[in-house]
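Peer 1: Here it is, the structure in full.
Only the coordinates and a few stated rules stand behind these numbers; no lab work does. Values in this document were obtained by computation on a predicted structure and should not be read as measured data. All Cβ positions, glycine included, derive from the backbone under ideal geometry; neighbour counts span all protein chains shown.
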Amino acid sequence: MSRIGLLPIAIPQDTEVKIDGSEVVVRGSKGELRRRFHPNISIAFKDGYLIVTRPSDSKIHRSLHGLTRSLLANMVRGVSEGFEKVLEINGVGYRAQKTDDKLLLQVGYTNPVEFSPPPGISITVEGTNRIRVTGIDKEAVGEAAARIRMARPPDSYKGKGIKYFEEKLHLKPGKSGKISKK
């Protein structure tokens with residue numbers, strides 16, 4: 001049995017869930033998300049909880065059971081609380097600034113790197129070296145943060161570049177100098 005798929009999803013007070021066959025619409029204080037799920041997996045709303053069930057123990061149904069429950073839980077959490085990723089820029093002369101709706105990154109290239117956030121994603125810059133990506137869709141927030149990080153991933157020797165705030169870098173030791181003969 002799927003341990004994740006069996007867990008019920010608690011629906012907060014300010015969140016509304018509408019199930020129409022295999023399509024689920026979740027509305028909350030932050031916005032609205034809709035998603036179509038596999039038709040074999042059934043989703044029911046009982047006593048303030050969403051329950052996900054599968055028709056059989058076949059491999060495909062077992063894998064879809066936990067996936068469907070996780071995606072639904074992310075939708076409910078996203079419209080009620082939202083998701084956030086924080087990125088940090090390390091390096092001399094590396095900085096970020098927000099202009100209109102675009103993010104300008106100066107990370108060691110001759111020209112600044114421009115990043116336009118997708119719809120539903122907001123980007124704020126704190127100081128010159130911290131970027132906060134927020135939104136209600138967990139996948140879109142993670143994708144936007146990964147695209148920003150790809151502009152200059154952290155260097156494995158000096159640690160310069162864009163990294164996630166909670167990411168721990170393991171720096172490699174540099175080359176050893178030649179031992180001079182005396």
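Peer 1: Give me the Kirkwood hydrodynamic radius of the stretch 83-164, using the inverse of the mean 1/r over all pairs of distinct Cα atoms, in Å to one decimal. Intermediate values should be presented prior to the final figure.
Peer 2: Numbers: mean 1/r = 0.0795 Å⁻¹.
Every distinct Cα pair counted, the radius reaches 12.6 Å.
Peer 1: Same structure again: In a shell of Cβ-Cβ distance under 15 Å around GLY28, excluding GLY28 itself, what net charge do Lys and Arg (+1) and Asp and Glu (-1) give? If you can, show how the numbers build up before the last one.
Peer 2: On the way: positive: LYS18, ARG27, LYS30, ARG34, ARG35, ARG77, LYS138; negative: ASP14, GLU16, GLU32, GLU81, ASP137.
Here the charged neighbours net out to +2.
Peer 1: Still on this structure, I have one more. If we count other beta carbons within 10 Å of each Cβ, what is the order of SER70, SER58, fewest first? Mind showing how you got there, number by number?
Peer 2: On the way: SER70 16, SER58 11.
With the sparsest Cβ surroundings first, the list reads SER58, SER70.
Peer 1: Under 14 Å from the Cβ of GLY66, count the other residues' Cβ atoms, weight Lys and Arg +1, Asp and Glu -1, and hand me the total. Walk me through the intermediate numbers first.
Peer 2: Details: positive: ARG3, ARG54, LYS59, ARG62, ARG69; negative: ASP57.
Spelling it out: positives minus negatives among the neighbours equals +4.
Peer 1: Grab the Cα-Cα distance for VAL86 and SER122, subtract it from 0.36 nm times how many residues apart they are, and report the gain in nm with one decimal.
Peer 2: Numbers: separation 36, 0.36 × 36 = 12.96 nm, distance 1.20 nm.
So the extension gain works out to 11.8 nm.
Peer 1: About the Cα centre of the stretch 83-164, what is the dipole size in debye to 20, counting +1 per Lys and Arg Cβ and -1 per Asp and Glu Cβ, all else neutral? Don't skip to the answer; put the middle values down first.
Peer 2: Values: 13 positive and 10 negative charges, 71 e Å.
Around 340 debye, computed over the stretch 83-164.
Peer 1: What Kirkwood hydrodynamic radius, in Å, does the stretch 59-119 give when the mean of 1/r is taken over all pairs of distinct Cα atoms and then inverted? List each step's numbers first, then the result.
Peer 2: Details: mean 1/r = 0.0659 Å⁻¹.
Value: 15.2 Å, from the Cα pair sum.
Peer 1: Something else: Which residues in the stretch 135-163 have a backbone N closer than 16 Å to a point placed 7 Å from the Cα of LYS175 along the Cα-to-Cβ line?
Peer 2: The answer is 157-158, whose backbone nitrogens lie closer than 16 Å to the label point.
Peer 1: Oh, and also: Which of LYS30/LYS102; LYS30/LYS85; LYS46/LYS85; LYS102/LYS172; LYS138/LYS160 have a Cα-Cα distance over 25 Å? Display every interim value, and only then the final one.
Peer 2: Details: LYS30/LYS102 22 Å; LYS30/LYS85 17 Å; LYS46/LYS85 33 Å; LYS102/LYS172 34 Å; LYS138/LYS160 27 Å.
Over 25 Å apart, Cα to Cα: LYS46/LYS85; LYS102/LYS172; LYS138/LYS160.
Peer 1: Now for a separate question. Starting with the fewest neighbours, write out VAL76, VAL25 ranked by other beta-carbon atoms found within 10 Å of each beta-carbon.
Peer 2: On the way: VAL76 21, VAL25 15.
By the 10 Å Cβ count, ascending, the order reads VAL25, VAL76.
Peer 1: Tell me, what does the Kirkwood hydrodynamic radius of the stretch 3-80 come to in angstroms if you use every pair of distinct C-alpha atoms? Working shown, then result.
Peer 2: Working: mean 1/r = 0.0800 Å⁻¹.
After inverting the pairwise mean of 1/r, the radius is 12.5 Å.
Peer 1: Using just the alpha carbons, could you tell me how many Å³ per residue the convex hull of the stretch 104-146 encloses?
Peer 2: Details: hull volume 3.0 nm³, N = 43.
Per residue, the Cα convex hull of the stretch 104-146 comes to 71 Å³.
Peer 1: What label, among (1) 1.11; (2) 1.39; (3) 0.95, belongs to Cα Rg over 2.2 N^0.38 Å computed from the structure on display?
Peer 2: (2)
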